[in-house]
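**Q** Got a structure for you, written out below as structure tokens; questions coming shortly.
Bear in mind these aren't lab numbers, they're just calculated from the coordinates by the rules spelled out. The shown structure was predicted, so the numbers you read here are calculated from the model rather than taken from an experiment. Note that each Cβ is placed from the backbone with ideal geometry, even for glycine, and that neighbours are counted across all protein chains shown.
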Amino acid sequence: MSESAPADLVSRTWACAFAPPAKLPASADVVIIGGGIVGVSTAWFLAKQGVNVALCEKGHIAGEQSGRNWGWVRQQARDTREMPMIVESLKIWRGLADEIGEDVGYAQTGCLFAASTDAQLEDFSAWLETADEYGLDTRIVSAAELAQHVRGSAVEWRGGLYTASDGRAEPHKATPAIARAAERNGAAVLSACAVRGIETVGGRVSAVVTEHGTIKTSMVLCAAGAWSSMFCRSLGISLPQLKVRGTVVRTAPADSVLDGNLFDDHLGIRRRQDGGYTVAHGTILDHSITPSTFRFAFKFLPALMQEHRTLRLSVGHDFIDEWRMPKRWGLDSESPFEKTRVLNPEPNPRAVRGIRKNIDTVFPQLADTEIVEVWAGMVETSPDVVPIIEETQKIPGFHIATGFSGHGFGIGPGAGKAIAGMLTGNDSGIPLHEFRLNRFFDGTPIRPQSSV
Ligand SMILES: Cc1cc2nc3c(=O)[nH]c(=O)nc-3n(C[C@H](O)[C@H](O)[C@H](O)COP(=O)(O)OP(=O)(O)OC[C@H]3O[C@@H](n4cnc5c(N)ncnc54)[C@H](O)[C@@H]3O)c2cc1C
């Protein structure tokens, strides 16, 4: 257990002063839009290969999803399409701190999904075939073994799905550290630098227009997280994407009830590097209905049905805000990206109360442990809950990497390697065909294999 951390340990990643760039590069081989884990990992891999790359982030590096997530680095229970990328990602995480010379909070601490019923345990078993195919150490553990990993719980589980080789990293550390590594390798990392749009010549990308000026380039990567659909729409590209809000708490350092990550119907809980816990509710995800919900409803039906137990639907000001949002804008005036530099949703107070109650129910020995920080993040997801990665057919040179859902942090470094390969034309060995945007339009059945 370490000394207690400052109260804004996580939230100061985004609740701090903006630092606009002193100077903009005139040109770059590749311009990346978005300083989340996907954008910075791609920049790092490109810069290491000597590619002249500029990354533009409208707010702070890791200011949105990549700084707000639970910090799980998980292979277990993934969609089969993500397996080659996550296996590669784990290899990168294991050597990341040594390679970049900075702590990212990574540790191989294991991941457990605990089952309350035999039927749930049987469902978990179905994934063992995938684990076998990729040579993972995933197995079903008995209730007795589970009790060794999760100590002193008041809940009696039937057993669980366990992967010892899974791990965790600290979101407030990892993405900024990778961004600094990219900079040390020559990338220009520009924060408080919103991209308003792109310019084309003969239909091909020719430049990126930012709020601080223009960068000439023939290649752009849109890794804009929750903003990708809106950015693409302004270019006439339909990208089905919806957002759900997740509420998260951080506790003070406390007794060790587990070393890794645990999910069950009550909680998603992870032991932090500082000896506290990052905790979320097991069954509360908020979706605020917006015009996009209606626009993409048909494509998202399978995901909505799958998540019906967890999703809390509501209608509020988000509907009006999105309705009023311009679909296109001039590149010489303020864009919606500068207006909302950081997407900073309010935590759901009901979820916070539920988390407190569930901590006390599952781990009575943590009942006196204080919740010291609370935040929320918008998870953006695609209809089949796996990413969209491709060079668009409509605008040659314009690439997309988005839709990583609630599991893009762990896979981020692997995605960065694969996307850098796509941009340079060098085969990373990680297949990307399943992630093409057109799968949502060419009649391919939309079948989510994992949850949001
Ligand atoms: C509450 C929560 C819990 C999660 N838990 C986990 C977990 O435990 N494990 C896991 O693997 N994943 C988890 N995830 C998912 C994971 O955080 C995301 O999938 C991942 O961080 C996505 O990274 P990204 O780089 O694609 O997007 P982001 O991190 O959202 O980055 C996109 C960036 O683009 C910037 N941007 C947008 N538009 C523009 C523009 N026009 N100009 C310049 N910049 C722009 C934004 O400001 C933003 O910083 C969780 C997510 C949330 C919210």
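**Q** Could you look through segment 5-38, keep only residues that are of a type outside the set (Val, Ile, Thr) and in contact with a Gly (Cβ under 8 Å, 6 or more places away or on another chain), and pick out the one that is farthest from residue 337 (Cα to Cα)?
**A** Out of the qualifying residues, it is 5.
**Q** Can you find a residue that is touching a Phe, Trp or Tyr at 6+ places or on another chain (Cβ under 8 Å), over 21 Å from residue 198 (Cβ atoms) and of a type in the set (Lys, Arg) anywhere in segment 415-427?
**A** yes
**Q** Which condition does residue 199 not pass, out of (1) acidic (Asp, Glu); (2) within 16 Å of the ligand (Cβ to nearest atom); (3) within 30 Å of residue 121 (Cβ to Cβ), if it passes all the others?
**A** Exception for residue 199: condition (3).
**Q** Could we say that residue 103 is more than 16 Å from the ligand (Cβ to nearest atom) and touching a residue at least 60 places away in the same chain (Cβ under 8 Å) here?
**A** So residue 103 passes the test.
**Q** So which residues in segment 390-432 are in a strand (DSSP E or B), under 20 Å from the mean Cα position of the chain (by Cα) and within 14 Å of the ligand (Cβ to nearest atom)?
**A** Residues satisfying the conditions are 399, 400, 401, 402, 404.
**Q** Identify the residue in segment 139-178 that is surrounded by fewer than 24 Cβ atoms within 10 Å (Cβ to Cβ), assigned to a loop (DSSP other than H, G, I, E, B) and within 16 Å of the ligand (Cβ to nearest atom) and, among all such residues, is farthest from the chain's Cα centre (by Cα).
**A** The qualifying residue farthest from the chain's Cα centre (by Cα) is 165.
**Q** Is at least one residue of segment 44-55 aliphatic (A, V, I, L, M) and either in contact with a His (Cβ under 8 Å, 6 or more places away or on another chain) or under 21 Å from residue 407 (Cβ atoms) (or both)?
**A** For segment 44-55, residues aliphatic (A, V, I, L, M) and either in contact with a His (Cβ under 8 Å, 6 or more places away or on another chain) or under 21 Å from residue 407 (Cβ atoms) (or both): absent.
**Q** Still on this structure, I have one more. Considering only helices (runs of 4 or more DSSP H) fully contained in segment 11-118, which possess at least 2 residues that are surrounded by fewer than 24 Cβ atoms within 10 Å (Cβ to Cβ)?
**A** 37-48, 83-100
**Q** Please tell me if residue 245 is on the phi < 0 side of the Ramachandran plot, more than 9 Å from the ligand (Cβ to nearest atom), touching a residue at least 12 places away in the same chain (Cβ under 8 Å) and basic (Lys, Arg).
**A** Against the criterion (on the phi < 0 side of the Ramachandran plot, more than 9 Å from the ligand (Cβ to nearest atom), touching a residue at least 12 places away in the same chain (Cβ under 8 Å) and basic (Lys, Arg)), residue 245 does not qualify.
**Q** Then there's this: Give, as residue ranges, the helices (runs of 4 or more DSSP H) completely inside segment 264-349 that count at least 1 residues that are in contact with a His (Cβ under 9 Å, 6 or more places away or on another chain).
**A** The qualifying helices (runs of 4 or more DSSP H) are 291-295, 297-306.
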